[in-house]
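Engineer: Structure below; questions to follow.
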Amino acid sequence: MSAIQGQRKLAAILTADVVGYSRLMATDESGTHARLKLVLAEVFRPVVKRNAGRIFKMMGDGALVEFASANEAVKCAVELQDLLDQGQQQSSPGEEIRMRIGISLGDVIVEGADLFGNGVNVAARMESLAEPGSICISGNLQEHLTSSDTFELIDLGPCQVKNIPQPVQVFEVSRKKNAAETSVKTPSFVQDIRFCETPDGVLIAYATIGEGPPVVSVSNWLTHLELDFQIPMRRELVRLLSTDNQIIRYDARGSGLSDRDIKDFSLDASVMDLTSVIDALGLQEVSLVGQSQGAAVAAAFAARNPDRVKKLVLCGGYARGRRMRGSKGQIAESDAFITMIKEGWGKELDAYVRMFGAFFMPDANAEQLSGFTNLQRRATPPENAASIQLAIDSIDISEELANVKAQTLVFHVREDARAPFEEGRRMAAAIPNARFVPLEGRNHVMLSSDPALQRFLSEVSKFLKD
């Protein structure tokens, strides 16, 4: 793969970095350095060499690798992530070396042993879009791949990325479970998607992953069964819980793969959707995990069906929507947000991206915000989004919470701009014997870098196992 100084060439560029490296170093500098050094020597470098790659730059917690073949680049990335996953068995919780990987095909400039150019830049943007332990690739690289029995591609759609003028088509590389792998249970994320019909004739798409006691992830602000895993909070929850449970997810009416030509988005209709999914699976008792307005739906179902809910997990929730909190300012905020949805839905303009992001994930970078708004745009049309928002802001289950009998664990981020901390506190106080866990941070949709996310996942796992 050598070339003349200053010459241009086409290359597949892989970029990888360690997830949460600064946090790991702050917690245990010498231990983290030793673990990373071992991973680079025994995993990263040998895998790159086996797949005919060339490491042309090391960056402390990351690396840039050149490949002549798009297929070799993706094969290398899949093998790396598989081996890193297996290696986590020997690591204590919170000490794992995990990586994000991005790959792009593009024109690069040769400067000595180094490479520069658009191919390198786009690969870096793909890496920033990847979730911990995952791989994202650009559309132009996807066009050069042959079919494989080790992975499949999930189309994440066009994403506007930093310093790249035009949106870039992005695909996530979903690794297939290898029967020869370790016997330790790991989620394959192969979904069984089916449909059920509600009493008012709406088709609801639902999916199951894993085996064990049933845990329903209650649909909240705009889901899409095929795209949800690009949201760290949703992906990591499924990754964690599906090793010991059957995880049930569904797209509520009006969004994702469910029927979209809908008029009734009320709380009662949302509870009807949840009930229909549980009934379709023939389940008598379930545990529920509800986030954001999904917390109100979960709590309402638990209050109305006390014998059908074993455990209840609520995060970032509220019993009263904006319009029901007795404040003219909150009503005005609701009106403003609905107007913003109608006017700016799915637009890639920076102003709209920042405004949406400020409510949900104020600490997100430009790529994460763009990915989030892209998911919303693909999940539902603007008229549905506005109607759903109005229904959310009109929720009030305050009088029902006392009827919840299930063991309940309530989380809320202290500086949550989307759902005030006080509303989460009030919700926990109104549910008999609920345990309340305040989380530090300000992201309503927690990012993979949030320490609060790890606390949330750990507490939920222990709660459901007890």
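Engineer: So which strands (runs of 3 or more DSSP E) stay within the range 47-147 end to end and still have 3 or more residues that are more than 26 Å from Gln160 (Cα to Cα)?
Structural biologist: 54-58
Engineer: Related question: Give the residue, chosen from Arg378, Arg418, Arg425, Arg435, that is of a type in the set (Lys, Arg), in contact (Cβ under 8 Å) with a residue 60 or more places away in the chain and more than 22 Å from Gly157 (Cβ to Cβ).
Structural biologist: Arg418
Engineer: Restricting attention to the range 326-339, does a residue exist that is modelled with pLDDT of 95 or more and of a type in the set (D, E, K, R)?
Structural biologist: Scanning the range 326-339, I find no residue that is modelled with pLDDT of 95 or more and of a type in the set (D, E, K, R), so the answer is no.
Engineer: Ser398 is checked against (1) over 24 Å from the mean Cα position of the chain (by Cα); (2) in a helix (DSSP H, G or I); (3) touching a residue at least 12 places away in the same chain (Cβ under 8 Å) and fails just one. What number does that condition carry?
Structural biologist: The one condition Ser398 does not meet is (2).
Engineer: Looking at the range 64-100 only, could you name the residues that are at pLDDT below 85, of a type in the set (Gly, Ala, Ser) and under 22 Å from the mean Cα position of the chain (by Cα)?
Structural biologist: Gly94
Engineer: Can you confirm whether Asp244 is assigned by TED's automatic domain parsing to the domain that holds Phe436, modelled with pLDDT under 95, farther than 21 Å from Asp416 by Cβ and among the acidic types (Asp, Glu)?
Structural biologist: Yes: the conditions hold for Asp244.
Engineer: Does the range 101-115 contain at least one residue that is among the hydrophobic types (A, V, I, L, M, F, W, C), at pLDDT below 90 and surrounded by fewer than 18 Cβ atoms within 10 Å (Cβ to Cβ)?
Structural biologist: Within the range 101-115 (the criterion being among the hydrophobic types (A, V, I, L, M, F, W, C), at pLDDT below 90 and surrounded by fewer than 18 Cβ atoms within 10 Å (Cβ to Cβ)), the answer is yes, since at least one residue qualifies.
Engineer: Got a sec? Which of Ala428, Ala386 is under 30 Å from Pro167 (Cα atoms), in the same structural domain as Ala364 (by TED's automatic domain parsing), in a helix (DSSP H, G or I) and aliphatic (A, V, I, L, M)?
Structural biologist: The match here is Ala386.
Engineer: Considering the range 208-224 alone, what residues qualify as being of a type in the set (Gly, Ala, Ser) and either surrounded by fewer than 22 Cβ atoms within 10 Å (Cβ to Cβ) or free of Cβ contacts under 8 Å to residues at least 40 places away in the same chain (or both)?
Structural biologist: Gly210, Gly212
Engineer: Quick check on the range 20-79: of everything there that is among the small types (Gly, Ala, Ser) and without any contact (Cβ under 8 Å) to a residue 24 or more places away in the chain, which residue is surrounded by the fewest Cβ atoms within 10 Å (Cβ to Cβ)?
Structural biologist: Result: Ser30.
Engineer: Given the criteria closer than 26 Å to Gly256 by Cβ and in a strand (DSSP E or B), does Phe436 qualify?
Structural biologist: no
Engineer: Something else: Name every residue in the range 424-448 that is under 16 Å from Phe360 (Cβ atoms) and either buried (at least 20 other Cβ atoms within 10 Å of the Cβ) or touching a helix residue (DSSP H, G or I) at 6+ places or on another chain (Cβ under 7 Å) (or both), in order of residue number.
Structural biologist: Gly424, Leu439, Gly441, Asn443, His444, Val445, Met446, Leu447, Ser448
Residues are listed down the side, and each one gets a yes or a no for (1) of a type in the set (Asp, Glu); (2) surrounded by fewer than 24 Cβ atoms within 10 Å (Cβ to Cβ); (3) in a helix (DSSP H, G or I):
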position	(1), (2), (3)
Arg260	no, yes, no
Asp268	yes, yes, yes
Leu283	no, yes, no
Gly290	no, no, no
Asp335	yes, yes, yes
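Engineer: Another question, then. Which condition does Glu415 not pass, out of (1) surrounded by fewer than 17 Cβ atoms within 10 Å (Cβ to Cβ); (2) part of a helix (DSSP H, G or I); (3) not hydroxyl-bearing (Ser, Thr, Tyr), if it passes all the others?
Structural biologist: The failed condition is (2).
Engineer: Do any residues in the range 453-464 that are small (Gly, Ala, Ser) have Cβ atoms under 8 Å from those of residues that are outside any helix (DSSP H, G or I), where the two are at least six apart or on different chains, and which pairs are they?
Structural biologist: Matching pairs, first to second residue: Ser458/Pro93.
Engineer: Give the residues of the range 119-135 that are more than 16 Å from Phe67 (Cβ to Cβ) and not acidic (Asp, Glu), sorted by residue number.
Structural biologist: Passing the criteria: Asn121, Arg125, Ser128, Leu129, Ala130, Pro132, Gly133, Ser134.
Engineer: So for the range 375-385 (the condition being in contact with a Ser or Thr (Cβ under 6 Å, 6 or more places away or on another chain) and polar (S, T, N, Q)), does at least one residue qualify?
Structural biologist: yes
The values are calculated or read from the model by the stated rules, or taken from the named source; none is laboratory data. From a predicted model like this one, the values you see are computed outputs, not experimental measurements. Virtual Cβ from ideal backbone geometry, glycine too; neighbours counted across all protein chains shown.
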